[in-house]
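Below you'll find the structure, written out as structure tokens, and then a few comments.
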Amino acid sequence: MKRTKIVSVLKSTDFGATVTVKGWVRTHRSSKAVDFIALNDGSTINNVQVVVDPSKFDENLLKQITTGSCISATGTLVESQGAGQSVEIQCESLELYGACGNDYPMQKKGQSFEFMRQHAHMRLRTNTFGAVMRIRHNMAIAIHQYFHEHGFFYFHTPIITASDCEGAGNMFQVTTKNLYDLKKDEEGKIIYDDDFFGQQTSLTVSGQLEGELGATALGAIYTFGPTFRAENSNTPRHLAEFWMIEPEVAFLDQEELMDLEEDFIKYCVRWALDNCKDDLEFLNKMIDKTLIQRLEGVLKDSFVRLPYTKGIEILQEAIKNGKKFEFPCNWGDDLASEHERYLVEEHFKKPVIMTDYPTAIKAFYMKQNAAEGEGSVGYKGCVAPGPTMQGTDVLFPQIGEIIGGSVREESYDKLMAEIDRRQMETDKLWWYLDTRRWGSCPHAGFGLGFERLILFVTGMQNIRDVIPFPRTPKTAEF
């Protein structure tokens, strides 16, 4: 008989119909008179109860149906007599696909997230990770839907690259060379002439630079793909492999960029509330009891638009009033997550778009603000003590920075001046600089770390728990 997904069975009112469900056993409670099997197939957070008369089935079969086992059950759909469920299945036949012994790691008992990371190949079957992965799917759909509705083109940028987008280093090399017999020049540098690409290549840290090329041809594009950073960071906020969403738009100014950032992220949060109700309610109950309230709070008010210089003043005033931070926060410092979260969670109590950062702490391609004396005029005339650029980073509660964006410098001369000031090599950026030589245009864009969005929407506390198989230092199993 054709299988019916459990999500459909639980919505059905076709009582008396015969249905077949297939899935994995969450629990099996036995007695002489009746057995209750809670079955889940991943289509919903909720289980369907299969009611079994043990006198009609082989005793050895029922003994093998334990937590984690995979079965098929056929029976009659009836109204449930128990609390917390509207329907159940009066079982007529059972088939065991895969038994599960007592050594099954995801037993029905409290398991730590650290324990489950060691069994990432099995943790997906748990309620928590099933909920997180369904929400992750829905957020991916929301992202594609938003950009499609707003006239953006999905643009595929390369994973293998010869350039370092942000000059940050820490990239994974891609090579076919024999690592035990590397040819080197007189200076001891590796010769890549005989490598597959004929030059040193790495896994990309960002698709932005190529995305800018797309925007200068198609007007508005977005990328959505994996990116890689070889940072030895064992923190709850870092992965070596993660997914990025990076829109780039021609003829967009700073104000319009902030409008796009706010509208986009509100759309995603609204989509989660509208389409992931059961999973969010489960996570709100089991993981973070303020989750739904926090998500709804994002939709209520406009985001604060705060110049970096003003933000530093607020942080320094907080320090004067007794607030203690681990890291310094003087003008020119790159703000730490604790500073960002203070502004969002304690001072404004709403998301913040921080603008006009000091040029020295941001990437070379960002557009500088007009100078005034020794300083720089930033967003809404906020005068800074040094040069600033048109950055627009979105700061969120629980997360800190969730979006990093800016207006890009469209002037070839100004861009080259900044590259020279930073003493950057340009031999691998010639193609990028060509966009400023031939038909340059004003443009802007941002990058959103997909896993950070999922962290916020699910209430999970560690980024390793919102991606199916995390890649972190010393961890590449599964």
Accessible surface of region 67-166 [probe 1.4 Å, protein heavy atoms]: carbon and sulfur percent:
50 percent
Dipole size in debye (nearest 20) for the chain around its Cα centre, Lys and Arg Cβ +1, Asp and Glu Cβ -1?
1900 debye
For Cα pairs less than 8 Å apart in space and 6+ apart in sequence, what is the mean separation divided by the residue count of region 274-363, i.e. the relative contact order in percent?
34 percent
Return the Cα extents of region 338-478 along principal axes one, two and three, sorted largest first, each rounded to a whole Å.
46, 40, 26
Taking 28 Å as the cut-off for C-alpha to C-alpha distance, list the pairs among K2/K289; K177/K474; K289/K310; K5/K474 that go past it.
K2/K289; K289/K310; K5/K474
Would you mind calculating the gained length between I191 and R237 on full extension (0.36 nm times residue separation, minus the Cα-Cα distance), in nm to one decimal?
13.0 nm
Per residue, how much accessible area does the chain show when a 1.4 Å probe rolls over the protein heavy atoms, in square angstrom?
49 Å²
In degrees, nearest 10, the alpha-carbon axis of helix 291-300 is tilted away from the dominant principal axis of the alpha carbons of the chain by 50 degrees
Would you be so kind as to identify which of A250, H150, T67 lies farthest towards the positive end of the dipole of the chain, taking Lys and Arg as +1 and Asp and Glu as -1 on Cβ and the Cα centre as origin?
T67
7 Å from Cα along Cα→Cβ at both V78 and K323: what's the point-to-point distance in nm?
6.1 nm
For region 291-402, give the percent of accessible area contributed by carbon and sulfur heavy atoms, probe 1.4 Å, rounded to a whole number.
47 percent
Per 0.36 nm of contour for each residue apart, how much would the distance between E346 and L218 grow if the chain were fully extended, relative to their Cα-Cα spacing?
41.9 nm
So, R0 is 35 Å and r is the distance between the beta-carbons of D14 and F115; what FRET efficiency does that work out to, to 0.05?
0.30
Sticking with the crude label model, points 7 Å out along Cα→Cβ, report the distance from V383 to V7 in nm, one decimal please.
5.8 nm
Given a Förster distance of 25 angstrom, what is the FRET efficiency for E477 paired with Q173, based on the Cβ-Cβ distance and rounded to 0.05?
0.70
Would you work out the charge dipole size for region 37-125 about its Cα centre, treating the Cβ of every Lys and Arg as +1 and the Cβ of every Asp and Glu as -1, and quote it to the nearest 20 debye?
460 debye
Relative contact order of region 78-141: what whole-number percent is it, with Cα pairs under 8 angstrom and at least 6 residues apart?
16 percent
With contacts defined as alpha carbon pairs under 8 Å and 6 or more residues apart, what's the relative contact order of region 353-432 in percent?
28 percent
Computed FRET value (nearest 0.05) for A99 with H144, which takes r as the C-beta separation and R₀ as 35 Å
0.30
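The values are calculated or read from the model by the stated rules, or taken from the named source; none is laboratory data. Since the model is a prediction, treat every value here as computed from it, not as a measurement. Because the Cβ atoms are built from the backbone with ideal geometry, glycine has one as well, and the counts that use them run over all protein chains shown. The area values use the complete protein model at the heavy-atom level, side chains included, leaving out ligands, DNA and RNA. Shrake-Rupley method; radii C 1.70, N 1.55, O 1.52, S 1.80 Å.
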